Structures are given as structure tokens and as C-alpha cells.
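Asks: Dropping the structure in here first, questions after.
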Amino acid sequence: MGLISCRVCGKSVSSDAKSCPHCGAPKRKFAPSGPGCLMLFLVLVALGIIGNCLDSGSDSNNSPKKTSGVSPVNKLAKPITITTDNLAEAYEENENGANNKYGYRTSPKRICILGKITNIKTVYLSDGYQVLIDFQPQVSLGVFDFEVNAEDQDFIQNKMQIGDFVKVDSVYCFGKMNDGTIQLDLFNKPNQHHSNSIFHEATDAPGTY
């Protein structure tokens, strides 16, 4: 036998009573009272608080993290600056090692190349032209007109001459060909990413860089 509360009048009633002696409410209107009821209420509240904390932590872990700086997709990595002489020497000493360090096939690497022009050949096509530029020693760069901006086109067509030392800011190394030539190409068609010129006249021989 114990005491329970009447939900109608709120007074204590014997658990054996069939109706409330105070207000006459039937037994189904009775509710447990005392420390047990309070404890149950506190436990339920505590469980609710813990559940909310767990949900907040899960949302925090799953939400994308903010990163500082510019995404590599939007900003090209700083180029590796090397002369054509040093590039040819690296491939002569260890072709696999040079491919890993400078080659595009293992992972995209942007190169700033410096070299002396030994030959310039223009091939005219139905929809434009391609200029084949040979550097000393045995390094070759192919450039289509649509890959460069107007300023670079003018530099290639009108200012660049055999014997000049030239710097090209954004190329990648395709590797050593069967004829021993090291093939270069423009990195991701630079005119589609920025409008800056990539061809420049070098003021000194590449060996001084």
C-alpha cells in the first residue's frame, strides 16, 4: 500500500482506494507521487539533454570544414624554374628520376623554362597555326595559336628569333621522346586561366638563373 496523487484535486490518495475520498474522482485519474515520480522526470530530462548534445556533435563533425587560402583548382602551383640545359642533363643522368621530379605523367607539375632558341618552325593549319620552338639542347616546345593570348602571339611571330634566350612561365614536361628530344607543352592552355603573357625575353643567358 502506498500513496498516489489524484490528478483532479492533486491530493494524496491510497493506492488501494477505488476513488478519491476528497473529490470522488475514479482510480484511473490517480497518478504516482513522491520521490519516484520526480526521479523518473529528472532521468527523462537528462536523457533528452544528452541526445541533443550528441546530435550537435554529429552535425559539427559532418559539416564541411572551412579552409584558408585559395583552392589549388583555382590557383596554379608555383612553377619549378629550370634551364633547358639542366633539364636535359637531369634526363641524361636518370630519366625515371627526372620524370618523377619534372614530368607531367606522374603528377601535374608546372615548369618555368629558360633556354636558348635553336630553331623556330611555323606550321599553318586550316584553322590556325602551330609554332615548334627548339631549345638548346634537344628540348622542344609546341605552341598552337589558340593556346596563347594576343601579346604572346605577337612575341612568338614577330619578336622571337633564333639565338634569343627566352623564358616561358607555364609549361609541363611530357618526357623524353624516342628521338631523344625532351617534349614540352603549355600547361593547361594558360589563356583559359589567366590573361597574363607567359613568353618573355630573358635578359641574360639561362645559366645565370
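Asks: Given the conditions (1) over 18 Å from P79 (Cα atoms); (2) at pLDDT 90 or above; (3) surrounded by 17 or more Cβ atoms within 10 Å (Cβ to Cβ), and given that L184 satisfies all but one, which numbered condition is not satisfied?
Replies: (1)
Asks: Would you tally the residues in the stretch 100-113 being surrounded by 13 or more Cβ atoms within 10 Å (Cβ to Cβ) and within 18 Å of T181 (Cβ to Cβ)?
Replies: Within the stretch 100-113, residues that are surrounded by 13 or more Cβ atoms within 10 Å (Cβ to Cβ) and within 18 Å of T181 (Cβ to Cβ) number 5.
Asks: State all residues of the stretch 134-152 that are out of contact with any helix residue (DSSP H, G or I) (no Cβ under 8 Å at 6 or more places or on another chain) and either assigned to a strand (DSSP E or B) or not assigned by TED's automatic domain parsing to the domain that holds G180 (or both); if no residue qualifies, say none.
Replies: Of everything in the stretch 134-152, those that are out of contact with any helix residue (DSSP H, G or I) (no Cβ under 8 Å at 6 or more places or on another chain) and either assigned to a strand (DSSP E or B) or not assigned by TED's automatic domain parsing to the domain that holds G180 (or both) turn out to be D134, S140, L141, G142, F144.
Asks: Being surrounded by fewer than 20 Cβ atoms within 10 Å (Cβ to Cβ), closer than 19 Å to E201 by Cα and not hydrophobic (A, V, I, L, M, F, W, C) is the filter here, so list the residues in the stretch 123-141 that pass it.
Replies: Answer for the stretch 123-141, where residues must be surrounded by fewer than 20 Cβ atoms within 10 Å (Cβ to Cβ), closer than 19 Å to E201 by Cα and not hydrophobic (A, V, I, L, M, F, W, C): D134, Q136, P137.
Asks: Would you say G97 is touching a Ser or Thr at 6+ places or on another chain (Cβ under 7 Å) and either loosely packed, with under 14 Cβ neighbours inside 10 Å or modelled with pLDDT of 70 or more (or both)?
Replies: no
Asks: Among what's in the stretch 100-128 and is out of contact with any Leu (no Cβ under 6 Å at 6 or more places or on another chain) and of a type in the set (D, E, K, R), pick the residue that is modelled with the highest pLDDT.
Replies: K116
The values are calculated or read from the model by the stated rules, or taken from the named source; none is laboratory data. The shown structure was predicted, so the numbers you read here are calculated from the model rather than taken from an experiment. Every residue, glycine as well, gets a Cβ built from its backbone with ideal geometry; the counts of neighbours run over all protein chains shown.
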